[in-house]
Every structure is written in structure tokens, then in C-alpha cells.
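Worksheet for the structure shown next.
The values are calculated or read from the model by the stated rules, or taken from the named source; none is laboratory data. The structure presented is a predicted model; accordingly, all values stated were derived computationally and were not measured. Cβ atoms come from the backbone with ideal geometry, glycine included; neighbour counts cover every protein chain shown. For the accessible areas, the whole protein counts, side chains as well, though only heavy atoms, and no ligand, DNA or RNA atoms are used. Shrake-Rupley method; radii C 1.70, N 1.55, O 1.52, S 1.80 Å.
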Amino acid sequence: MPTSSTFPPFADPTEIESSIVQVGAPVLRSRAHDVSPEQMQTPSFRAFVERMIETMRKAPGVGLAAPQIGVPWRLIVLEDRPDLLVNLNDLERRERERVPFSVRVFVNPVLTPVGEERTMFFEGCLSVKGFVGMVERAREVEVTGVDERGQVQTWRAAGWPARILQHEADHIDGTLYVDRMKTRSFSTVDQAKERFGGKPIEEIRRALGI
Ligand code: ZN
């Protein structure tokens, strides 16, 4: 067994998964480990964070958790870019409160919901490729953790960034969106786009009976 000082068990960051781990892999179902301050100071940690950001952008996705590339660390990266929003109309952007934000890295994040308000939208996952489902989540959350340099940071986010944070924080606890989704809404990405693309969320919920 690797000790905590040698964990994760790779010497060279290029040894990590080049493709994103898919559902069924045990690493997506276990609670990930805290990253220690000592681990954060190593060059391989910094290379690992870069690798995660690169993998998220290439996918492309708006968030990625370390277990998704095979490493059980409590580490998530997030970013939403204007080019990822081009297929959403104004209504969809407004309802989702989806606004671009630059890359954020959270090590050992702890999330707390803010307020009682909850929202429900289709959500997908790079580890459940090709599918989406409707998931109800807190509209607003506060997250604390440290950034890639070890600085303590807090972020209070609402709307889509809050949803991404909850989705990624679930990953490091071994939870996937399919555990939380309204099962009757489960759909291929293509079907969901064809049936519901551009439509108001209330209409989608009515059509799905949820
Ligand atoms: Zn995911």
C-alpha cells in the first residue's frame, strides 16, 4: 500500500489516464482522499492540476474531479467559457444562470448550501458519456477549500457554477448524478436536444411529468 506521502501511486504525471474514466470503474464510487499540504508542494501535484485542466478543456467540459482521471484525490477544477454557451439561447442561459467564469481549482473542497431555493435541469457527466438526466440541486452554495497554491479560498456561487460545484463535489464522495436524477428523465444527449433544446424548463418538466 502506498503511504500518504507517496500517494497517488504514480511517479510521472504523464502516467495518469489519458482518457476520462467511465461509469462502472470503482474509482468513481469511492470516497477520495484529502490532499496534504506536503503533497501540494510537489512538482508532480502542479503538473497533475495542469493535466486536469487540460483534460477538462479538451473534453470539453465545465468541470472535472480527480477520480475521473483515475486518481482518488479530493481535487476539482471548473471553468465555463463563452464558446461552450453558443448552443444555448438567451432563455436557456437566463434560466440556468449560466455565465462564463475563469478556471478555478479547489483542493479538499467543502460545500454548504445557501438558502432553500432549488432548481432542476438536465445535467450530463464526462464519465457517463452520451447521456443526461434532470437533477434537482441547491441554487446557491458556498465552497471553501484551498487553491492550487495552498491559499484558503471561499466562493459563494449561484446558478450554473453552483450546479457544477455540487456535481464535482459529489464525484469526490463517490456519487454520480445518476444517483440523484429523476430516473424518468434519463435520456441520450441527442434525444434531449431534439425534444427539449431551446425550451423553457417548465415545459420540459411538464412533458416529462416531473
Ligand atoms: Zn461528472
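For this structure, a couple of remarks:
- Meets criteria (over 29 Å from residue 178 (Cβ atoms), touching a His at 6+ places or on another chain (Cβ under 9 Å) and either surrounded by 15 or more Cβ atoms within 10 Å (Cβ to Cβ) or modelled with pLDDT under 95 (or both)) for residue 4: yes
- Some residue of segment 113-131 being more than 17 Å from residue 166 (Cβ to Cβ), open to solvent by less than 50 Å² (accessible area, probe 1.4 Å) and not acidic (Asp, Glu): yes
Residue by residue, here is whether (1) open to solvent by 20 Å² or more (accessible area, probe 1.4 Å); (2) closer than 21 Å to residue 204 by Cβ; (3) of a type outside the set (D, E, K, R); (4) assigned to a helix (DSSP H, G or I) holds:
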site	(1), (2), (3), (4)
64	no, no, yes, no
68	no, no, yes, yes
71	no, no, yes, no
79	no, no, no, no
87	yes, yes, yes, no
92	no, yes, no, yes
98	yes, yes, no, no
102	yes, no, yes, no
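- Any chance residue 132 is within 15 Å of the ligand (Cβ to nearest atom) and either more than 17 Å from residue 94 (Cα to Cα) or part of a strand (DSSP E or B) (or both): yes
- Given (1) within 16 Å of the ligand (Cβ to nearest atom); (2) part of a helix (DSSP H, G or I); (3) acidic (Asp, Glu), index of the condition residue 203 fails: (1)
- In segment 104-129, the residues that are among the hydrophobic types (A, V, I, L, M, F, W, C), away from the ligand (no atom under 16 Å from the Cβ) and not in a loop (DSSP other than H, G, I, E, B): 105, 107, 110, 120
- Flag for residue 108 being over 23 Å from residue 181 (Cα atoms), of a type in the set (S, T, N, Q) and touching an Asp or Glu at 6+ places or on another chain (Cβ under 8 Å): yes
- Those residues of segment 11-40 which are modelled with pLDDT under 55 and open to solvent by less than 30 Å² (accessible area, probe 1.4 Å), in sequence order: 13
- Every residue from segment 26-40 that is more than 15 Å from residue 65 (Cβ to Cβ) and polar (S, T, N, Q): 36, 39
- Residue match in segment 138-155 (condition: within 12 Å of the ligand (Cβ to nearest atom) and modelled with pLDDT of 95 or more): no
- Residue 196 open to solvent by 70 Å² or more (accessible area, probe 1.4 Å) and aromatic (Phe, Trp, Tyr): no
- Number of positions in segment 156-186 that are in contact with a Leu (Cβ under 8 Å, 6 or more places away or on another chain) and more than 16 Å from the ligand (Cβ to nearest atom): 4
- Strands (runs of 3 or more DSSP E) completely within segment 140-196 that count 3 or more residues being in contact (Cβ under 8 Å) with a residue 40 or more places away in the chain and under 24 Å from residue 99 (Cβ atoms): 152-158
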